Amino acid sequence: MTWKRTMVETSRGTFEVFEKGQGSPLAVTHLYSEFNETGDYFAEAFVETHTVYLINLKECGRSEKASSPHELTMLESVLDLEAIRIELGYEWWKFAGHSTGGMLAVVYGIYFSESLGTLVIANAAAREYMTFSKDCIYNESHPKFDRMQSLIEQLKKQDLSDEERKELTVERTKLSLWNPQNYDHYFNTSIEKKMSAVRMNFFARELHTFDVTRKLALITVKTMVISGTYDAQCPPSYSEEIAEGIPGAVLHRFHQSNHYPHLEEGQKFKQVIRAHFD
């Protein structure tokens, strides 16, 4: 079943939003992914129990273009999410973010806990995670650093054929799986998404000064933090730091996962999510 596409006009621009599921409202997004009607693997984990809104931020898909670079910051993106929530008529909604979506979830919780019913922060960090962690694949000391950088640069090209893009994406994703040989088992549906090069390039700059660790205590909403023991992108120590900094936060470790516990340990992930929302 595909996701229902709609355009939401807000005070901060028009955004492309995809909807699926039934239940209380839950928003999902990512800092530079471009979603479409095929959906998203992380968002799919919530559709059995929620009405999920999968949101294309500015410069993604058919959403508004940014008229100024500052509109691509995490804080401005959170303000956009708030405008979408208000336009959809919700007093509050839940928010779940994976990877850079999880970083956005942290910022959302810091500034707008009163707008959130629950927060799920998966495989993320509250500060720049490359420079001081040799376990991170974006650290130059990591054995797979060069290959990952090469793949990212190639994926930014606009003239790639669909087949070329798919091959590069598969290889890039396998670098962040505990069992890469299980790729076809994990990614077994026709979900396809792209990356916004504009947003990704901006994030690569913003990340160098990103650190909200001292503000984690401002998050007052019920929060669950999820971590993969072998996460090569955002090593687990950063998830632990988030959980320790947020009052009452619960940390769930997935010991047979790298960066994608919602796929690598899918059944356990759904059980943990259900228990958190009960």
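Descriptive notes on the structure:
- Summary value for the chain: 19 percent relative contact order, contacts being C-alpha pairs under 8 angstrom separated by 6+ residues.
- Protein-only accessible surface order, largest first, of Met7, Met224, Met195 at 1.4 Å: Met7, Met195, Met224
- Ellipticity estimate at 222 nm from DSSP helix runs (n ≥ 4, -39,500 (n - 2.57)) divided over the chain, nearest 500: -10000 deg cm²/dmol
- Qualifying GluC sites (Glu not before Pro) in region 39-73, where qualification requires a DSSP coil assignment and no more than 15 other C-beta atoms within 10 Å, comprise Glu48.
- Probe 1.4 Å - accessible area at Trp92, Å² to nearest ten: 110
- In this structure, the residue pairs whose Cα-Cα separation is over 25 Å, taken from Lys134/Lys166; Lys4/Lys65; Lys194/Lys215; Lys58/Lys134, are Lys134/Lys166; Lys194/Lys215; Lys58/Lys134.
- Contour minus Cα-Cα distance for Gln256 and Lys157 (0.36 nm per residue): 32.3 nm
- Label-to-label distance, Ala217 versus Glu37, with points set 7 angstrom from Cα along the beta-carbon direction: 5.0 nm.
- Carbon-plus-sulfur accessible fraction, region 127-186 (probe radius 1.4 Å, protein heavy atoms only): 44%.
- A straight chain from Asn188 to Ala204 at 0.36 nm per residue would run longer than the Cα-Cα distance by 2.8 nm.
- Other residues within the sphere of radius under 13 Å centred on the Cβ of Leu216, judged by their own Cβ, net out at -1 (K and R +1, D and E -1).
- Cα shape, region 60-109, gyration tensor, a/c 1.5 rule: oblate
- Gaussian network model of the chain, Cα within-10 Å springs - most flexible of Val225, Val107, Val212: Val212
- Surface calculation, 1.4 Å probe, protein heavy atoms: Val120 sits at approximately 0 Å² accessible.
- Region 131-258, accessible area per residue, ligands and nucleic acids excluded (1.4 Å, Å²): 57
- Other residues whose C-beta falls under 14 angstrom from the C-beta of Glu91 contribute a net charge of -1, scoring Lys and Arg +1 and Asp and Glu -1.
- Exposure rank, largest accessible area first [Lys94, Lys166; 1.4 Å]: Lys166, Lys94
- Per residue accessible area in Å² of region 49-100, where ligands, DNA and RNA are left out and the probe is 1.4 Å: 36
- Ligands, DNA and RNA left out, the accessible area of region 31-75 computed with a 1.4 Å probe is 50% carbon and sulfur.
- The length gained by stretching the chain between Ser237 and Arg5 to full extension, at 0.36 nm per residue less their Cα-Cα distance, is 79.8 nm.
- Per-residue accessible area (protein heavy atoms, 1.4 Å probe) orders His50, His255, His185 as His185, His255, His50, starting from the largest.
- Counting only DSSP beta bridges whose two residues both lie in region 1-86, roughly 70 percent are antiparallel.
- A crude spin-label estimate for the pair Thr14 and Gln271, with each label 7 Å from Cα along the Cβ direction, gives 4.6 nm.
The values are calculated or read from the model by the stated rules, or taken from the named source; none is laboratory data. Small disclaimer: the values here were computed from a predicted structure and weren't measured. Neighbour counts run over all protein chains shown; Cβ positions are idealised from the backbone, glycine included. Ligands, DNA and RNA are excluded from the accessible area calculation, which covers all protein heavy atoms including side chains. Shrake-Rupley method; radii C 1.70, N 1.55, O 1.52, S 1.80 Å.
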